[in-house]
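Enquirer: Please find one structure pasted underneath; my questions will follow.
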Amino acid sequence: MDDLTRQIEALREDARMRLAEASEGDAVDRLRSDLLGRSGQLTGLLRQLASVPAEERPAVGQLANVVRRELDEAIEARLATLRHGDLETRLGSEAIDMSAPGRPLRVGHLHPVQTLIRDLREVFHAYGFEVFEGPEVETEEFNFELLNIGVDHPSRDLWDTLYVAEPGSVESGEARPASDGTILRTHTSPVQVRAMHALEPPIRVLMPGRCFRYEAVDASHGFEFFQVEGLVIDRDTSLADLKGMLEEIARALYGADVRTRFRPGYYPFTEPSVAFDIGCLVCGGSGCPACSRSGWMTILGAGMVHPDVIRNGGYDPDEYQGYAFGMGPDRMTMLRHGIGDIRLLFSADLRFLMQFAEGR
Ligand code: DAH
């Protein structure tokens, strides 16, 4: 072995030892320039290559290159270890494995009734309606009186309405606790009057919300349910406007082929009043249990706002008229998905709800 080869081998050994001893990044950096820098030791040795006999020169040169690459890699590895610690050791000692893939989160989705209400909002938005919300806990005055529903009206019966008891009157053990006339609203119609008080005509509002009735619960009645109320107040409105708009909306919701009809109805707060039906979506009109064999399904009640209600809203009925409608989104959701029992909608049963996750 010639002298230069020996010196390169010696440098290799020496460098390994010094590298292992270097315990800080700075020391490693210094060692790098000491060994491999422009005036470093290995560079110095390479300069002597010219003095090596020509036939040995390639072998010595190759060795020098191998050693340079080796040292380069060893220095990088040492720096990485000093910076991060030994990765394997570190992962082993940590309670959390940062390299493990994340657990997928279960993402929720809207309740099918809320999806339907959202669709209604979208369709009515195109007709210039904004959303206006009123309280679920109402006064008898707004829920009944201001809507022309007299004291003798059957819907005010104790059995139809949930009264909010006065503080202390339940504890007193009386058979019929006292109430100051605060109730859980039985429909969203009182929000009509609240909207008239809060807004200036022309008014076009959609009023969705939860309602309550003291009902025996069965497949088609819940003690809580949703309604979406609509109200238009302007100087020049007519039943024809209402009719045209509802027909368009039925097409938007149920498709261009949907059949519709209006029937006379009665509500104390509209005059005239109508019921709006669509051709049964289940049987197509031939008659089935879902439509009580009539071929039609009622989706809302509507009418021209009664002059007394316009007055209760703060306007002169000779100057302003309007129309109103009340929809049942629970029933509309049941029609949409072929759900046979309203109790499922309020059951909070995930096995039921998860079926509506798709695409939302
Ligand atoms: N409030 C009525 C109910 O609960 C529904 C209704 C009917 C609302 C006619 C209206 C309307 O706005 O014009 O049965």
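The values are calculated or read from the model by the stated rules, or taken from the named source; none is laboratory data. Remember, predicted model here, so these are calculated numbers, not experimental data. Cβ: placed from backbone, ideal geometry, glycine included. Neighbour counts: every protein chain shown. The protein model used for the area step is the full one, side chains on, heavy atoms only, and it has no ligands, DNA or RNA in it. Shrake-Rupley method; radii C 1.70, N 1.55, O 1.52, S 1.80 Å.
Enquirer: Quickly rank 12-21, 141-150 as a protection proxy: mean count of other C-beta atoms within 10 Å, highest first.
Expert: With the highest mean Cβ count within 10 Å placed first, the list reads 141-150, 12-21.
Enquirer: Sticking with this one: So, in Å, what gap is there between the alpha-carbon centers of the stretch 162-216 and the stretch 67-113?
Expert: Going from one Cα centre to the other spans 59 Å.
Enquirer: Moving to a separate point now. Test of understanding: in a Gaussian network model of the chain with alpha carbons linked when under 10 Å, which of G168, G340, G44 would top the mean-square fluctuation ranking?
Expert: Of the options given, G44 has the highest mean-square fluctuation.
Enquirer: Calculated FRET efficiency, R106 and H84, Cβ-Cβ r, R0 51 Å, to nearest 0.05?
Expert: Taking R0 as 51 Å, the efficiency between R106 and H84 is 0.90.
Enquirer: Once you keep just the Cα pairs under 8 angstrom separated by 6 or more residues, what percentage relative contact order results for the chain?
Expert: Taking the mean separation of contacting Cα pairs over the length of the chain, I get 14 percent.
Enquirer: Per-residue counts of other Cβ atoms within 10 Å, averaged by peptide: what ranking do you get for 47-58, 153-164, 87-98, highest first? Show your work: numbers first, answer last.
Expert: Numbers: 47-58: 10.8, 153-164: 13.4, 87-98: 9.0.
Per-residue mean Cβ counts within 10 Å order the peptides as 153-164, 47-58, 87-98.
Enquirer: Here is a follow-up. In what sequence, highest mean first, do 221-231, 291-301 appear when ranked by Cβ atoms within 10 angstrom?
Expert: For the peptides 221-231, 291-301, the packing ranking is 221-231, 291-301.
Enquirer: Per residue, how much accessible area does the chain show when a 1.4 Å probe rolls over the protein heavy atoms, in square angstrom?
Expert: It amounts to 57 Å² per residue over the chain.
Enquirer: Report the equivalent ellipsoid semi-axes for the stretch 59-197 in whole Å, largest first, defined as the square roots of five times the eigenvalues of the gyration tensor built from alpha carbon atoms. Could you put the intermediate results ahead of the total?
Expert: Numbers: eigenvalues 1196, 119, 29 Å².
So the three semi-axes of the stretch 59-197 are 77, 24, 12 Å.
Enquirer: Now a separate question. Cα atoms only: what Rg and Dmax, in Å, come out for the stretch 311-360?
Expert: Both quantities, over Cα of the stretch 311-360: 18.9, 54 Å.
Enquirer: Rounded, prolate or oblate, given the Cα gyration tensor of the stretch 32-86, with a/c below 1.5 counting as rounded?
Expert: Note, shape of the stretch 32-86 comes out oblate.
Enquirer: First select every other residue whose beta carbon is under 15 angstrom from the beta carbon of T237; then total the charges, Lys and Arg +1, Asp and Glu -1.
Expert: Around T237, the charge tally is -4.
Enquirer: A further question follows. Quick check for me: using +1 on Lys/Arg Cβ and -1 on Asp/Glu Cβ, what's the dipole size of the chain about its Cα centre, in debye to the nearest 20? Display every interim value, and only then the final one.
Expert: Details: 38 positive and 57 negative charges, 262 e Å.
Computed charge dipole of the chain: roughly 1260 debye.
Enquirer: Just the isolated ones, please: cysteines in the chain lacking another cysteine beta carbon under 4.7 angstrom.
Expert: C211
Enquirer: If a/c stays under 1.5 just call it rounded; otherwise compare a/b with b/c (prolate if a/b is bigger, oblate if not). Do that for the stretch 199-298, with a ≥ b ≥ c from the square roots of the Cα gyration tensor eigenvalues.
Expert: Working: a/c = 1.98, a/b = 1.23, b/c = 1.61.
Oblate is the answer for the stretch 199-298, as a/c is 1.5 or above yet b/c matches or exceeds a/b.
Enquirer: Which distance in nm do the two modelled labels at A290 and R210 give, with both placed 7 Å along the Cα-to-Cβ direction?
Expert: Simple spin-label model gives 2.8 nm for this pair.
Enquirer: What nm distance separates the two modelled labels at V66 and D316, each placed 7 Å from Cα along Cα→Cβ?
Expert: With each label point 7 Å from Cα toward Cβ, the separation is 10.9 nm.
Enquirer: Between A74 and H197, what length comes free when the chain is fully extended (0.36 nm per residue of separation minus the Cα-Cα distance, one decimal in nm)?
Expert: Here the answer is 36.2 nm.
Enquirer: Now, a different point. What's the carbon and sulfur percent of the chain's accessible surface, probe 1.4 angstrom, rounded to a whole number?
Expert: Details: 10510 of 20400 Å².
So the carbon and sulfur contribution to the accessible surface is 52 percent.
Enquirer: With a ≥ b ≥ c the root eigenvalues of the C-alpha gyration tensor of the chain, is it rounded (a/c under 1.5), prolate (a/b larger than b/c) or oblate? Don't jump to the answer; show the numbers that get you there.
Expert: On the way: a/c = 3.88, a/b = 3.35, b/c = 1.16.
Prolate.
Enquirer: Ok, one more. Modelling each spin label as a point 7 Å along the Cα-to-Cβ direction, I'd like the A240/R261 distance in nm, to one decimal.
Expert: 2.4 nm
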